[in-house]
């Protein structure tokens, strides 16, 4: 198979597998298996971790958030390992113009997982609001994103007690950080692998333009999915953080 055929096959497999993994409705599954309730019929009617915490308790909400983050990061790291260390794939990742397409595929896998989470095939193309996916794309891949985006998220959540507002601000900050890192990586002959969790591995995920573009798209999806929350924030009627201590 020629290089074009290999790349088409890789793209289709990455998109399909990542979307299906992202589509797994962890909150709905946990609710039905352990509580005999459909999460989508309670609270905000959303299938994500915040509503799970509101309906089933903080521990269950945190568990759902972690599992939803893993739905994004597992296909990401799996794709990264395959296109980086499997010779049959790695050797076909460098296109004729010299472009190394490997980052396109592993960052693309995170994007398709996020799409699956928000428009799950198992929930008639409905789903979460991309917060856990955005966290998975960032805090589980880069310690610089974990630090800056994470502290922003926690700071806003503590101050406002609004999980939706902290998610929105955290997404904007995370995207800005991604673009700063990506532009430095492009303009300066330097591989920012030391900013990833795989700091000792030179072949670590590349934080380049693909990283920033996927961040931007997932962030845009997150903001789009929070339209009703934004309206409630403006009106002062948004629900408080279900994970925060009561006043």
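Per-structure values
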read-out: Qualifying residue in the stretch 115-126 (condition: under 25 Å from residue 201 (Cα atoms), in contact (Cβ under 8 Å) with a residue 24 or more places away in the chain and surrounded by 24 or more Cβ atoms within 10 Å (Cβ to Cβ)); value: no
read-out: Answer residue from the stretch 185-211, given it is in contact with a helix residue (DSSP H, G or I) (Cβ under 7 Å, 6 or more places away or on another chain) and assigned to a helix (DSSP H, G or I) and is surrounded by the most Cβ atoms within 10 Å (Cβ to Cβ) among those; value: 211
read-out: Residue that is farther than 20 Å from residue 40 by Cβ, in a helix (DSSP H, G or I) and out of contact with any helix residue (DSSP H, G or I) (no Cβ under 6 Å at 6 or more places or on another chain), where the choices are 111, 104, 70; value: 70
read-out: Answer residue from the stretch 128-159, given it is in contact (Cβ under 8 Å) with a residue 24 or more places away in the chain and over 14 Å from the mean Cα position of the chain (by Cα) and is surrounded by the fewest Cβ atoms within 10 Å (Cβ to Cβ) among those; value: 158
read-out: Yes/no for residue 62 being modelled with pLDDT under 95 and surrounded by fewer than 21 Cβ atoms within 10 Å (Cβ to Cβ); value: yes
read-out: Residue check, residue 82 over 17 Å from residue 121 (Cβ atoms), in contact with a helix residue (DSSP H, G or I) (Cβ under 6 Å, 6 or more places away or on another chain), without any contact (Cβ under 8 Å) to a residue 24 or more places away in the chain and assigned to a helix (DSSP H, G or I); value: yes
read-out: Selection status of residue 4, touching a helix residue (DSSP H, G or I) at 6+ places or on another chain (Cβ under 8 Å), part of a helix (DSSP H, G or I) and within 30 Å of residue 80 (Cβ to Cβ); value: no
read-out: Test: residue 97 is in contact (Cβ under 8 Å) with a residue 12 or more places away in the chain, surrounded by fewer than 24 Cβ atoms within 10 Å (Cβ to Cβ) and assigned to a loop (DSSP other than H, G, I, E, B); value: no
read-out: Qualifying residues in the stretch 36-54 (those that are in contact (Cβ under 8 Å) with a residue 24 or more places away in the chain and in a helix (DSSP H, G or I)) - the one nearest to residue 65 (Cα to Cα); value: 49
read-out: Single condition residue 178 does not satisfy, out of (1) within 29 Å of residue 82 (Cβ to Cβ); (2) surrounded by fewer than 17 Cβ atoms within 10 Å (Cβ to Cβ); value: (2)
read-out: Meets criteria (over 30 Å from residue 91 (Cβ atoms) and touching a residue at least 12 places away in the same chain (Cβ under 8 Å)) for residue 173; value: yes
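The values are calculated or read from the model by the stated rules, or taken from the named source; none is laboratory data. From a predicted model like this one, the values you see are computed outputs, not experimental measurements. So basically every Cβ, Gly included, is an ideal-geometry build from the backbone, and we count neighbours across all protein chains shown.
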